[in-house]
1. Between residue 66 and residue 39, what is the label-to-label distance in nm when each label sits 7 Å out along the Cα-to-Cβ direction?
2. Under a 1.4 angstrom probe, counting protein chains only, how are 16, 118 ranked by accessible area, largest first?
3. Rank these by accessible area, largest first, 1.4 Å probe: 197, 211, 22, 66.
4. In Å², what does the accessible area per residue of region 197-236 work out to with a 1.4 Å probe?
5. Would you please put 53-63, 141-151 in order of how densely packed they are, using the mean number of other Cβ atoms within 10 angstrom per residue and starting with the highest?
6. At 0.36 nm per residue, and after removing the present C-alpha to C-alpha distance, how many nm does the segment from residue 93 to residue 147 gain when stretched out fully?
7. Provide the gained length on full extension for the span residue 155 to residue 111, in nm with one decimal, where the gain is 0.36 nm per separating residue minus the Cα-Cα distance.
8. Could you tell me the distance between the Cα centroids of region 1-67 and region 170-197, to the nearest Å?
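The values are calculated or read from the model by the stated rules, or taken from the named source; none is laboratory data. Here the structure is a predicted model, which is why all the values come from computation and not from measurement. Glycine gets a Cβ as well: all are built from the backbone with ideal geometry, and neighbour counts include every protein chain shown. We work out accessible area using only protein heavy atoms, side chains counted, and drop any ligands, DNA or RNA first. Shrake-Rupley method; radii C 1.70, N 1.55, O 1.52, S 1.80 Å.
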Amino acid sequence: MLEENIILPQHIAIIMDGNGRWAKNRGLPRTEGHKKGVEVFRQICRYCADIGIQYVTFYAFSTENWKRSAQEVGTIMNLLRGFLEELEEREKENEIENTAIRFLGSREGMAPDIVQMMDLVEAQTANKTKIHINVAVNYGGRDEIVHAVRKLAAAGVSPAEITEQALSDALYTAKQPDPDLIIRPSGEYRLSNFLIWQAAYAEFYFDDILWPDYTPDDLDRAINAYAHRNRRFGGV
Ligand code: FPP
């Protein structure tokens, strides 16, 4: 349960980890863990909207995840495709309730039909305001910074104009607040190239739950812990 009268994080970022181990523990192929992982992703999106979180970012597929078997990569891409097709369908029926969706990451190397749907969904939802859902796909934090610097260089920005703000505005998360709380379940204690620029002042929360077992109660626990942290941003 969420504690009463706490200040909620404005932006939560989540590393959806442990799908493979969850499946292995059940004698299932790893891909089954990803399928359950997407169900949990949907449930947590809904829950975040219900409790009034404004920005939620999920790490779905990293630039390094291409190293996995073709079967596993194919399954994750098909889950993403299914999610995008469902969004398009719901948009047609006018069912997406005030949700802005953005895909963080490089479009290079992604299947053209997926890129087309991503662009469409982003354009259709860009002005929605209740909750912003970011899905990081083909995403790497270092890659994002290189991409941003190239963008500034291509625009002819002079060295003096390269400020923290200018760089922030060239990232995939442009115009969004930095994450306040970064959650990594599944007992791993690293950032794995996720939002490395934006994480500068984030609070971290780790626990042992595998992502397919993750519930809104687990998120409540992380938010409650966050609410008791003393954030000083370098001050005293
Ligand atoms: C990490 O667990 C999980 C991933 C690399 C993939 C997560 C992707 C999804 C849940 C589907 C994405 C689609 C949408 C629509 C969001 P792992 O496989 O590294 O688990 P392990 O550490 O136990 O092996």
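1. Rounded to a tenth, the inter-label distance reads 3.2 nm.
2. Numbers: 16 40, 118 5 Å².
Reading off the accessible areas and sorting them downward yields 16, 118.
3. 66, 197, 22, 211
4. Values: 2140 Å² over 40 residues.
For region 197-236, the solvent-accessible area averages 54 Å² per residue.
5. Values: 53-63: 22.2, 141-151: 16.4.
Descending mean neighbour count gives 53-63, 141-151.
6. Numbers: separation 54, 0.36 × 54 = 19.44 nm, distance 3.55 nm.
Length gained, residue 93 through residue 147: 15.9 nm.
7. On the way: separation 44, 0.36 × 44 = 15.84 nm, distance 2.75 nm.
Difference between extended and current length: 13.1 nm.
8. That distance is 13 Å.
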